[in-house]
Structure formats: structure tokens, C-alpha cells
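Worksheet: one structure, shown below.
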2 protein chains.
Amino acid sequence: MSENPELMIVEHVLDAVADQRLQAGTKLGEQALCDLFSCNRAHVRRALATLAAHQVVDLIPNRGAFVATPSEAEARDVFQARRAIEATIIRNVVRNANATDLTALRAHLEEEDRVRSANDRSRAIRASRAFHMLLGRIGRNGVLEKYLSELTMRTSLIIGLYGSNRASLCDDDEHSRIVESIVNRDEATAQSMVDMHLRHIESEIDFNKERPRGGPLSVLIQPTVPE
Amino acid sequence: MSENPELMIVEHVLDAVADQRLQAGTKLGEQALCDLFSCNRAHVRRALATLAAHQVVDLIPNRGAFVATPSEAEARDVFQARRAIEATIIRNVVRNANATDLTALRAHLEEEDRVRSANDRSRAIRASRAFHMLLGRIGRNGVLEKYLSELTMRTSLIIGLYGSNRASLCDDDEHSRIVESIVNRDEATAQSMVDMHLRHIESEIDFNKERPRGGPLSVLIQPTVPE
DNA sequence: ATAACATAAATTGTTAACAATCTAAATAGA
DNA sequence: TCTATTTAGATTGTTAACAATTTATGTTAT
């Protein structure tokens, strides 16, 4: 646990949020983080400021830091923003994807298949997000990739809060059909498939079924599965 | 200069960058900021962490904080991201704009006219950005609005670095024609006008004409003109 | 005069101590 | 038994001091 402790904390919190190990509303106490990452409070505070800038953490004066709990309105904005951003990303992907990229996409689909049959929910969530992030990487626009990273994390919080049971993960079949249209260099189809895919995910959310928020912090240390 | 000094610093730096008062590469020394905002270094450091998270500041270990200097590749990504985001924003605007919003848009056009005839470059830059931010507000998607805010600031840095003389500000006529199509509820036209407008701005950039970077910090305190 | 080196100043990084605020527990009163 | 108040503990906010590193200055030798 050496290296820059500040980045360490940020990365681990983001990872835990993305994997839905850290629930919305969980308190991120300063001393607790100091202990977990064996560093001093100055590091923790700067890390929390960074996380707050990414909208993953709410900073409440004199109360502390909490994992953000997106409202219904915010959730709708996040999904619309994802449609806007991923529309351009998928266009870039269809245009730029080379043989290596296509191989990576196929490999990912196999991984998703494997994970699904293994019935490992945690890995499934991870893999679902990884697909979208893979598209982001192949799209070769660092700005959009970073925004997508933020938005997928906020999506994780939203699904954790309001998602129905099956809504938790992307439909593998939709992913594979997206890859298919990428292989075919069919821009229009790829774009509409991604748009529908995102609307599908959003549709399986029920804002009346708010779940209990807050949870343990220990999940932060869970070794990051190397994908 | 009371109130939360952290937000104070962030806001002032962002404002100065947006107005092109703060040049790319300018060093943001901790003690200098402490003096300017009469606070301690802990505040300054957290503010710099926040600014770094927004990609407006580069944090170099043991060297300090510097206003970011976007590369050519980053500049292209920023403009593509703007097209992606503002396309959705303008669609929202055409759909959502009510009478009050239209009045605000017309008032803004008049302000731009006034500023142009006054030949006040500083206010002109401010007004140009304000137009896009006004669209962002009327679009009523907080996520996209925030991203647009970040991207317009990075655009300011890019234009400050590589922009030709006239490229510094938006063409007022293009703005007024965008408003016209909003009034007409002509979604397709509005969208293509915004897209062309952004491409126009990008086209007036010359990456061979890199300008000297770095500058004074005193500009930070310049009283924020209330628009 | 220039380059390399040594020294001094300034800047960033780190840590600890103290103050202010909030949370929770315990006590007292209705 | 329940509510209100007080008290103790824990947590966040603030500040200062010290260490490590970098930058600037000045000296010496070629």
C-alpha cells in the first residue's frame, strides 16, 4: 500500500463505487480512511476533495464525506448525458476500431459469457461496466472517456439505489449485437443499438423502490480483481 | 473575502481562466494564493486538488500547480466533446425553452451587440462564453451543464494558446441565428447551426502558432464583472 | 565569458497539536 | 415511559512547525 496514497484512495473508492460494493450514503470517515490506507488526514482530505469534484462524494461541512446519493432528477440527467456521450463514442469506435480492438471486444464478450454462467454478481457488474469503458477506450477521445467513466460510476450508484433485481447488469445479448454492428462498420445501427441499450437500462429503474443507504467501509480494501 | 475560501479560490481561478485573464502554464504558488485570498495552505491545497480534478490545473509533484496547457490532441477531443454535448443541450433548449428563456436569450444577444460596439475584448470573451452557458442552463440538464462549463473553460485555454486573433470570440451573427431557430422551434436547424458554429471556432485555431505561456497571478483578484 | 559547482532562499510535502462542532450516551424531570 | 437537558466522546476544522525538494544566487575554475 505504498505509492501516492491520495491516488490510492481515489482509485479504490471509485472502484468500489463502480462495483457497487460501496453503497450510496456510506460515510467516509477521515480516520477510517487514514487507517485503511495508512496515511495522514491531509492525504485523505485532498482525496475527498477530488472525489467530490467528480460528484461521487458529497462533502457536508462539519459532518464529513458521504458517498453521493443521486436524486431521481439527477439520474435522468446522467442517463441523458450517457446517451449524448456514448453516441459519439460508438461513432468513433465504428470508424476507428482496428483488428486489435475487435479482438479485444470479442474477448470481452466471451468473458461476459463466462461470468454469467458462473453466476458471480460482483464480477458481472464489473464486466458490464468494463464493456462500456472498453468502447470508451477504443473511441480514442480522452475527454469523452473520462466523462463516461464518471457517468458509469454514477450509474452504479443509481442502480444500487433504485434498480430492480435484474436491472443490476447489462443484457449480454445487447452487448454482443453492438459488437456485431461494429464489426460490420454499420454506424447507424451501432448508434441506435447503444441508444436503445441505455434506454433499456434506464427503463428497469424504479424510483419508488428506494433502498436503504449506507454500509460498511471495509469493502474498500477488497483486492481489485484484475478483470 | 470571507465565506468558504476554498470555493472562493476555485471560482476565481475558473473565472479567470474562462475570461482568458489567466494564461496556460501560469504557476499557482501556494503562498501566493494564501496571500491573495488570505487563508492558510490547507485551503489552497484542497482548492488546487479540486481544480486538478476539473483538468484546469496540472499538479506536478514537488513542483507545484500550473494552469493546464492543453495539447493539440486534447484540444480536438475537447471540441468533439463539445459538439456531442451541445447537440443534446440545444435539442433540450428547443424543446424546453419557455417565454422567460427566450427573453433571456434575446437580452443576451443585445448585450453581445453592445459589447461588440464597445470594443471591449475582455467583456466580449465573457459574453461569448455566457451565451453557451445560457443554453446550458435552459437545457435543464445539470450534468451536461457542468460538463459544458468545464469544456468552455478548456476551450478558453486552447484559444489563448493556439487561437488566431479573431478566433478569440464567437461570431455574434451565428449566435443570433441559433436563437432564431430556437424561437422557430426548428430542432434540426438549431442542431446543425450549433455544430457548424463549433466547427467554425475550431477551424480558426492554428496549432503552429503556439503562444508564450505563463503570466501573472494578480489577475485573479480583478473584480468579477456581474455580466 | 562560460560552465560547473556550492550555497542560500524559497517552495512543497508531512506531521502533530489544538479548537470547534457534531454525535451519542447518560441523567433528570414530567 | 417518554422527553428534554447535560455531559462525554468522537469527528471535523484550523493552524503551525518541521522536513524534503526544488529553484535561485553566487563563487570558482577552465
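The values are calculated or read from the model by the stated rules, or taken from the named source; none is laboratory data. Treat the numbers as computed from the prediction; the structure is a model and nothing was measured. Cβ sites come from the backbone with ideal geometry, for glycine too, and all protein chains shown count toward neighbours. Remember, those area values only see protein heavy atoms, side chains included, never the ligands or the DNA or RNA. Shrake-Rupley method; radii C 1.70, N 1.55, O 1.52, S 1.80 Å.
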(request) Kindly tabulate the residues in the range A:72-114 with an accessible-area decrease of at least 30 Å² between the chain alone and the assembly of all protein chains, using a probe of 1.4 Å. (result) A:Asp77, A:Gln80, A:Ala81, A:Ala84, A:Thr88
(request) For the range B:5-69, restrict the atom set to alpha-carbon positions and state the Rg and Dmax in Å. (result) 10.5, 29
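Carbon-plus-sulfur fraction of the accessible area of chain A, 1.4 Å probe, in percent? Could you put the intermediate results ahead of the total?
Values: 5000 of 10350 Å².
That share works out to 48 percent.
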(request) Could you state the accessible area per residue of chain B in Å², with a 1.4 Å probe and every protein chain left in place? (result) 46 Å²
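Using just the helices of chain A, give the 222 nm mean residue ellipticity in deg cm²/dmol: DSSP H runs with n ≥ 4 each add -39,500 (n - 2.57), and the total is spread over all residues, rounded to 500. Can you show the working numbers first?
On the way: 9 runs with 149 residues, N = 227.
Mean residue ellipticity at 222 nm (helix-derived): -22000 deg cm²/dmol.
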(message) Given an 8 Å cut-off on Cα distances and at least 6 residues of separation, report the relative contact order of the range A:5-69 as a percent.
(response) 39 percent
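Per residue, how much space in cubic angstrom lies within the convex hull of the C-alpha atoms of the protein assembly as shown?
Working: hull volume 72.0 nm³, N = 454.
Roughly 159 Å³ of hull volume per residue.
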(request) Determine which residues of the range A:102-121 fall in the zone a paramagnetic label at A:Met133 would reach in this model, i.e. backbone nitrogen under 18 Å from the point 7 Å along Cα→Cβ. (result) A:104-113, A:115-116, A:121
(request) Every other copy gets compared here: list the nm distances from the A:Asp120 label point (7 Å along Cα to Cβ) to its counterparts, shortest first, one decimal. (result) 6.3
(request) Quick one: among B:Asn119, B:Asn62, B:Asn141, which has the greatest mean-square fluctuation in a GNM of chain B with alpha-carbon springs under 10 angstrom? (result) B:Asn62
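Explain nothing, just the number: relative contact order of chain A, from Cα pairs under 8 Å at least 6 residues apart, as a whole percent. Walk me through the numbers on the way to the answer.
Numbers: 280 pairs, mean separation 70.1, N = 227.
Relative CO of chain A lands at 31 percent.
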(request) Scan chain A for the residue whose Cβ is closest to the axis carrying it onto chain B, then write down that distance in whole angstrom. (result) A:Ala53, 2
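Report the A-B buried area as the accessible area lost on both sides summed, probe 1.4 Å, in Å² to the nearest 100.
Heavy-atom accessible area buried at this interface is about 2200 Å².
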(request) With no solvent and one equal point scatterer per Cα, compute the Debye intensity ratio I(q)/I(0) for chain A at 0.15 Å⁻¹ and report its log10, rounded to two decimals. (result) -1.02
